[in-house]
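To keep things clear, I will list the structure first and then write my remarks on it.
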Amino acid sequence: MSLVPMDDRDGWIWLDGQFTPWREAKVHVLTHGLHYGSAVFEGERMYGGEIFKLTEHTERLFKSAEILDFSIPFTVAQIDEASKATCEKNGLDDCYIRPIAWRGSEQMGVSAQSSKIHIAIAAWEWPSYFKPEEKAKGIHLTWAKYKRPSPETAPTASKAAGLYMICTLSKHAAEREGFADAMMLDWRGYVAEATGANVFFIRDGVIHTPIPDCFLDGITRRAAMELAQQKGFEIVERHIKPDELAGFSECFITGTAAEVTPVAQIGEYRFTPGNISLALMDDFAKMVRRQLQPA
């Protein structure tokens, strides 16, 4: 199947307050966000005409911009409406949505106090990140070479573009070796997250998950935790050492793209997708399509 380039598609992109034909939504080569990573973004999903946790995503976008020392020149409500309108303009009701805000090309250098802040929203059809039959069997991960940085060395509470460079490198390396993804440690050596998803482990019916103190506390992560708590499961947030993985029976990851996906392998450790991870995978799929209402 041939890949359709992201810059050569039909449709519309919301750019700085107005709709622009997809192929004309461009930035200059000297855009600050391209050279210095001064950009923040979100990844969202629309299911059956409704964007899942839309306002939570938009509020996080604004918080990320604040952390990167710039202000988005619209309100949260305006971006919420623009996100919905972008999906409608493109005739989509099941899709992926990508809002992004960045410093423009007015000033080139480490300092960019005079640069204009731009924001764009694009939406496109995107099926499940992993094939359904692959998800049920559990995906296979290796260990990432790079570690999540300390909050003292990077703005880890933001969904900043620059923080994903090591994710791209790690996922590429994993895919070259035949794995679906890579698991990252943090700078202390604790288990952190996959390249674009949070992780959970299960032992004796209890769900364990790393404390998100140097990576994002994912919106899908929190939704999955709410579902698990409704089913009566205990959830323990704590630091997890890699060698502890030998004692867990199940594992799953969560994220906007991954949704809830069971894991069969992380490096030398093996897991068997079981009743808990498979039930949460199914319950999440029902919830986002409004077939299961959260308590």
Item to check | Intensity falloff of the range 147-295 expressed as log10 I(q)/I(0), Debye formula with alpha-carbon point scatterers, at q = 0.10, 0.15 Å⁻¹ | outcome: -0.33, -0.76
Next on the checklist: If I fit a long axis through the Cα atoms of helix 165-176 and take the longest principal axis of the Cα atoms of the chain, what angle between them do I get, 0 to 90°, rounded to 10?
Outcome noted: 50
Next on the checklist: Ignoring ligands, DNA and RNA, please state the percent of accessible area on the range 192-295 from carbon and sulfur, probe 1.4 Å.
Outcome noted: 47
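Viscosity 0.890 mPa s, temperature 25 °C: what is the translational diffusion coefficient of the chain from Stokes-Einstein with a Kirkwood Rh over Cα pairs, rounded to a whole number of µm²/s? Don't jump to the answer; show the numbers that get you there.
On the way: Rh = 20.1 Å.
For the chosen part, D equals 122 µm²/s.
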Checklist entry - Per 10 Å bin, what percent of the C-alpha pairs of the range 166-231 does each bin hold, from zero upward? => result 19, 45, 30, 6
Checklist entry - Between residue 67 and residue 150, how many nm apart are label points set 7 Å from Cα along the C-beta direction? => result 1.7
Checklist entry - Given a 1.4 Å probe and every protein chain left where it sits, what share in percent of the accessible area of the range 1-134 is carbon and sulfur? => result 53
Next on the checklist: Nothing charged except the Cβ atoms of Lys and Arg (+1) and of Asp and Glu (-1): what's the magnitude of the dipole of the chain about its Cα centre? Round to the nearest 20 debye.
Outcome noted: 280
Item to check | Gyration tensor verdict on the range 27-72 (Cα atoms; rounded if a/c is under 1.5, prolate if a/b is larger than b/c, oblate otherwise) | outcome: oblate
Checklist entry - Any idea how far the Cα center of the range 249-270 sits from the one of the range 47-95, in Å? => result 28
Next on the checklist: Checking the a/c ratio against 1.5 first, then a/b against b/c, what shape does the Cα gyration tensor give for the range 69-161?
Outcome noted: oblate
Checklist outcome for this item: So the compactness index of the range 106-233, its C-alpha Rg divided by 2.2 N^0.38 Å, takes the value 1.25
Next on the checklist: Quick check on packing: order 240-251, 90-101 by the mean number of other C-beta atoms within 10 Å, highest mean leading.
Outcome noted: 90-101, 240-251
Item to check | Residues of type lysines that residue 241 reaches as a straight line, Cα spacing below 23 Å, ignoring anything fewer than 8 places off in the same chain | outcome: 145, 147, 171
Next on the checklist: With a 1.4 Å probe and all protein chains left in place, how much accessible area per residue does the range 154-295 have, in Å²?
Outcome noted: 41
Item to check | Residue-count net charge about residue 276 - beta-carbon cut-off 12 Å; Lys, Arg +1, Asp, Glu -1 | outcome: -3
Checklist entry - How large are Rg and Dmax for the range 51-100 when only the alpha carbon atoms are used, in Å? => result 11.4, 35
Checklist entry - Helix 54-67 versus the longest principal axis of the chain: what is the Cα-based angle in degrees, 0 to 90, to the nearest 10? => result 70
Item to check | Nearest-ten-degree value, helix 275-288 long axis tilted from longest Cα axis of the chain | outcome: 30
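Would you mind classifying the range 21-123 by shape? Square roots of the alpha carbon gyration tensor eigenvalues, ordered a ≥ b ≥ c; an a/c under 1.5 is rounded, otherwise it is prolate if a/b is larger than b/c and oblate if not.
Note, shape of the range 21-123 comes out prolate.
The values are calculated or read from the model by the stated rules, or taken from the named source; none is laboratory data. Just so we're clear, the structure is a prediction, and the values are computed from it rather than from any experiment. Glycine gets a Cβ as well: all are built from the backbone with ideal geometry, and neighbour counts include every protein chain shown. Areas reflect the complete protein model, heavy atoms only, side chains present, ligands, DNA and RNA absent. Shrake-Rupley method; radii C 1.70, N 1.55, O 1.52, S 1.80 Å.
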